[in-house]
Amino acid sequence: MSQKIAGVKGMNDLLPGELGGEMAPVETWQHVERTARELFARFGYGEIRTPMVEDTALFVRSVGEETDIVGKEMYTFEDKAGRSLSLRPEGTAPAVRAYIEHSVANQEPLTRWYYIGPMFRYERMKTGRYRQFFQIGAEAIGSREAAQDVELMDMVVQLLEALGLKEVSLNLNSLGDDACRPVFQQKLVEHLTAHRAELCEDCQRRLESNPMRVLDCKNAKCQAVVQAAPDILQFLCEPCKAHFGDVRRKLDVLGVRYVINPRIVRGLDYYTRTTFEFIAAHPALGTASTVGGGGRYDKLLKSLGGPDLPAVGFGLGLDRLTLLLKEGGQKYAPPPDVFIAVADEGSADEAFKLASRLRREGLRVEFDTRGGSLKSQMKRADKTRARFALVLGQTERESGKGQLKPMAGGEPIPVALNEVAQTVRAAH
RNA sequence: GCGGCCAUAGCUCAACUGGUUAGAGCGCUGGACUGUGACUCCAGAGGUUACCGGUUCGAUCCCGGUUGGCCGCCCCA
């Protein structure tokens, strides 16, 4: 016996049907992905697939050196040539890198992409948070208009709707821009410093490192201080205020419901103006209640050496979405139309051939390649939830006729062996 | 990165204060029913009690470490 090798901590296997354990079955994942692809195509978004590994500098410069993501959660390693590479911790930076690298700006004025794939962060795991997790996201590059922010939020809302997720609320905020955010931050630091003693230990530290984060603290005493703190929305400069107002108005035009939440700060440095999160109230997620989030990043392209173009995007956590949909997961796996059972050894080839032909004709056909007793094959037919069973033996071969037995009960349907597909379809 | 809880069959769980062959239900396989699934009945397979070490005459149980999982903090998807 050789030693068992286990999967890497925090990286999950997705199995079909009911084999999976804690994770939602792979059919649930396929359903979410299929739904998203179809919906995003309706919005005119094309798919982009970038490598899972990038130059480490890309994330340091975009996400921000001082963020937790880059500071302590990145899978960074050297390749054989000594280059520092990192497994991507998020999807926006690679998409923007590709956009710049392929000079897309010179080829079209407005670019809208979506991506689906694994991201990696070295973190302590818990429900809904893994070291390899999957995100589905979209980026719109080239429009500074509020309509673009709202189109993306509408796209998420429609996706959640299509998936049947109701208890998700859109939380909206604006972080201002280079003109107004520094003014606000200064006022905020003044206020927090004045109440320093009332803040929790963590927030006293945050006061130095990232004062905006205090807004997000769940500690009751800190919240009391935050209640009285200056409100970023009061400090927005005129252009930012106008933009935020436009976003709200256009959300209203589309009938998209939202709440203003000045605590939506986000963990990446590149955000400007609009930020938003989709928060689910669902016991399956525990405290991992944010299923998605995003915002505008008008300065990122230029800072990465690209054209000075505005952009906005979002990312959704597929792991969390599928967790919410796990209960009904089974229904996404279509059962076989017919199970072909072999009654005697001499009919094995003929049955095998029939199964093959029906599959070519478009039917979902189960056939037990191990053979075995008719009884065991019928049990298998039951287990696979096949709609019909068709037994093929000497009698059927000689007469060219058989019977489609409805596994759910009812009278068998006589059928000519060369008309099985038509008959099964007609029985729908 | 910090704090707490946990680990027995594929799954959900038992096993009297440490006591000898670690059990049950579900699931799986076969049979009763030799060309027809489910229900019922019978039988079978499946465990180094996560791993390593310690205490003990004796450890699933007590202790330490490791690994993995869960909860909270942090942060996020």
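The values are calculated or read from the model by the stated rules, or taken from the named source; none is laboratory data. Because the structure is predicted, anything quoted here is derived from the model rather than measured. Note that each Cβ is placed from the backbone with ideal geometry, even for glycine, and that neighbours are counted across all protein chains shown. Accessible surface is based on the protein model in full, side chains and every heavy atom, while ligands, DNA and RNA are left aside. Shrake-Rupley method; radii C 1.70, N 1.55, O 1.52, S 1.80 Å.
Report whether or not A:Arg266 is among the basic types (Lys, Arg), in contact with a Ser or Thr (Cβ under 7 Å, 6 or more places away or on another chain) and within 30 Å of A:Pro239 (Cα to Cα).
Yes: the conditions hold for A:Arg266.
Quick check on this structure: which one of A:Ile69, A:Ile116, A:Ile100 is in the same structural domain as A:Arg320 (by TED's automatic domain parsing) and under 15 Å from the mean Cα position of the chain (by Cα)?
Among A:Ile69, A:Ile116, A:Ile100, only A:Ile116 is in the same structural domain as A:Arg320 (by TED's automatic domain parsing) and under 15 Å from the mean Cα position of the chain (by Cα).
Testing A:Arg380 on (1) within 38 Å of the chain's Cα centre (by Cα); (2) closer than 14 Å to A:Leu358 by Cβ; (3) surrounded by 14 or more Cβ atoms within 10 Å (Cβ to Cβ), one condition comes back false. Which one is that?
(2)
So A:Val156 clears everything in (1) open to solvent by 10 Å² or more (accessible area, probe 1.4 Å); (2) within 16 Å of RNA strand B (Cβ to nearest atom); (3) within 25 Å of A:Ile232 (Cβ to Cβ); (4) assigned by TED's automatic domain parsing to the domain that holds A:Thr35 except one condition, right? Which one?
Answer for A:Val156: the failing condition is (1).
Would you mind telling me which numbered condition in (1) among the basic types (Lys, Arg); (2) modelled with pLDDT of 95 or more; (3) over 27 Å from the mean Cα position of the chain (by Cα) A:Lys221 fails?
Of everything listed in (1) among the basic types (Lys, Arg); (2) modelled with pLDDT of 95 or more; (3) over 27 Å from the mean Cα position of the chain (by Cα), A:Lys221 misses just condition (2).
List pairs: first residue in the range A:277-296 and in a strand (DSSP E or B), second residue within 8 Å of RNA strand B (Cβ to nearest atom) and modelled with pLDDT under 80 anywhere in the structure, Cβ distance under 8 angstrom, at least six positions apart or on different chains.
If the second residue must be within 8 Å of RNA strand B (Cβ to nearest atom) and modelled with pLDDT under 80, the pairs left are A:Glu277/A:Arg266; A:Gly293/A:Arg266; A:Gly295/A:Arg266.
Can you list the strands (runs of 3 or more DSSP E) found entirely within the range A:318-428 that contain at least 3 residues being outside the structural domain of A:Glu161 (by TED's automatic domain parsing) and within 13 Å of RNA strand B (Cβ to nearest atom)? Don't jump to the end; show me each part of the working.
Values: elements: A:338-342, A:365-367, A:388-392, A:401-406, A:413-416.
Counting at least 3 such residues, we get A:338-342, A:388-392, A:401-406, A:413-416.
Select from the range A:170-220 the residues that are open to solvent by 30 Å² or more (accessible area, probe 1.4 Å), within 30 Å of A:Val256 (Cα to Cα), within 13 Å of RNA strand B (Cβ to nearest atom) and not in a loop (DSSP other than H, G, I, E, B) and list them in ascending order.
A:Arg213, A:Asp216
Yes or no: A:Gln132 surrounded by fewer than 21 Cβ atoms within 10 Å (Cβ to Cβ) and within 10 Å of RNA strand B (Cβ to nearest atom)?
yes
For the range A:13-108, which fully contained strands (runs of 3 or more DSSP E) count at least 2 residues that are in contact (Cβ under 8 Å) with a residue 12 or more places away in the chain?
Of the strands (runs of 3 or more DSSP E) lying wholly inside the range A:13-108, those with at least 2 residues that are in contact (Cβ under 8 Å) with a residue 12 or more places away in the chain span A:53-55, A:84-87.
Is it true that A:Phe244 is within 16 Å of RNA strand B (Cβ to nearest atom) and either in contact with a strand residue (DSSP E or B) (Cβ under 7 Å, 6 or more places away or on another chain) or open to solvent by less than 60 Å² (accessible area, probe 1.4 Å) (or both)?
Against the criterion (within 16 Å of RNA strand B (Cβ to nearest atom) and either in contact with a strand residue (DSSP E or B) (Cβ under 7 Å, 6 or more places away or on another chain) or open to solvent by less than 60 Å² (accessible area, probe 1.4 Å) (or both)), A:Phe244 does not qualify.
Residue by residue through the range A:135-147, note down the ones that are open to solvent by 10 Å² or more (accessible area, probe 1.4 Å) and over 14 Å from the mean Cα position of the chain (by Cα).
Those that are open to solvent by 10 Å² or more (accessible area, probe 1.4 Å) and over 14 Å from the mean Cα position of the chain (by Cα): A:Gly142, A:Ser143, A:Arg144, A:Glu145, A:Ala147.
Output the residues belonging to the range A:99-129 that are touching a Gly at 6+ places or on another chain (Cβ under 8 Å), near RNA strand B (Cβ under 7 Å from one of its atoms) and of a type outside the set (Asp, Glu).
Across the range A:99-129, the qualifying residues are A:Met125, A:Lys126, A:Thr127, A:Gly128.
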